[in-house]
Amino acid sequence: MRVVEVGSYTRAAMELDYAQSSVTNHIQKLEKLYGGNALLERKGRYMKPTSSGELLFDYAKQMLSLYQESHLALQEQEVKSISIGTIETLAIYYLPKILAIFKEQYPNILIRIVPDSEKNIIRMIKEKEIDFGLILDSPYKSSGIKSLPIQKEAMMIVVPQHHILAKKTSIKVEDLEHQPLILTEEGCTYRARLLDQLKKQTMTYNVSMELSSVETIKKAVQNDWGIGFLPEFVIEKHEKLKGIHYMDEDLDFFSQLVYRTEKTNQNVFKSFITLCQSTSTQ
């Protein structure tokens, strides 16, 4: 097509960054493919299409147009739903502000929220059961999976305002010995982290309650049934609870969005990723 448009093998080769012999060979192969009919002929200083060449040129333009149209169609294909696996804390305290903006942009998209443990969320991402996952952990790394850090999260020991530990500005694992702990259920990454620290110190600890709901944990702590271990954003501005920074130099927890790398191929998914990036502090 370029030879017809510029009227010269030499100029077409220069613009396409090909050797002139390569352009000539391509034309000769086309002529052979189409029954040996000459496709180009010299008229004066320019190469012009023969009658066969003009006919093929029209088809070539249609083929190129369809090729470009197919790429655009794939990029803008209709997405009817988006599925997001999430742990409870992020579902309550982070996801709503993102979804409010997303629904303004895509009011007709069905949003499916799948609350689950991090282990199951990662599995569902890998097995293509969900589009995105929101987890709270050290930065996740796996082949074919992209992790977008949203914010580094501080962990807090949560006590009633009148508790004996409430006067402290920070708490080490040693301070938790013999304290009744109110924790999330098994499968929670930050619960596992705290218990791992307690075991390493060979300390006597007491898990007095296991609750699936963060809000229920806060109520239990407020009722003075024990102390909790929760992300800082869960207890910000709570009037009846005190959050005390948990000292763990190796703790490197981030709220993060995880998804398969091919999810960046469609505009709806790219918009959701961009929204999450806009809230990132990293």
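The values are calculated or read from the model by the stated rules, or taken from the named source; none is laboratory data. Note that the structure is predicted; figures quoted are calculated from it, not measured. Virtual Cβ from ideal backbone geometry, glycine too; neighbours counted across all protein chains shown. The protein model used for the area step is the full one, side chains on, heavy atoms only, and it has no ligands, DNA or RNA in it. Shrake-Rupley method; radii C 1.70, N 1.55, O 1.52, S 1.80 Å.
If R0 is taken as 30 Å, the Cβ-Cβ distance between GLU249 and LYS270 corresponds to a FRET efficiency of 0.20. Placing +1 on the Cβ of every Lys and Arg and -1 on the Cβ of every Asp and Glu, with no other charges, gives segment 99-210 a dipole of roughly 320 debye about its Cα centre.
Dividing the radius of gyration of the alpha carbons in segment 79-173 by their Kirkwood radius gives 1.09 for Rg/Rh. Bridge orientation summary for the chain: considering DSSP beta bridges with both residues in this region, about 60 percent are antiparallel. Note on segment 1-75: Cα Rg divided by 2.2 N^0.38 Å, N the number of residues, gives 1.19.
Counting only lysines at least 8 places from LYS152 when in the same chain, those with an alpha carbon closer than 17 Å to its own are LYS141.
Placing HIS26, HIS178, HIS238, HIS163 in order of accessible area, with the largest value first and a 1.4 Å probe, yields HIS178, HIS26, HIS238, HIS163. Taking amide H as placed 1.01 Å from N in the peptide plane, ILE227 has its amide H under 5 Å from the amide H of LEU181, ILE182, each at least 5 places away in sequence or on another chain.
Largest accessible area first, the listed residues ILE101, ILE135 line up as ILE101, ILE135 when surface is computed with a 1.4 Å probe on the assembled protein chains. Rolling a 1.4 Å probe over the protein heavy atoms gives segment 1-75 an accessible area of 76 Å² per residue. The alpha-carbon positions of segment 208-268 define a convex hull whose volume is 165 Å³ per residue.
I'd like the carbon and sulfur percentage of the solvent accessible area for segment 124-253, probe radius 1.4 Å, heavy atoms only, ligands and nucleic acids excluded.
C and S atoms contribute 44 percent here.
Per residue, the accessible area of segment 162-282 comes to 53 Å², computed with a 1.4 Å probe over protein heavy atoms only.
Between the entries (i) -0.25, -0.41, -1.17; (ii) -0.39, -0.63, -1.16; (iii) -0.47, -0.60, -1.08, the label attached to log10 I(q)/I(0) by the Debye sum over Cα atoms at q = 0.07, 0.09, 0.15 Å⁻¹ calculated for this structure is (iii).
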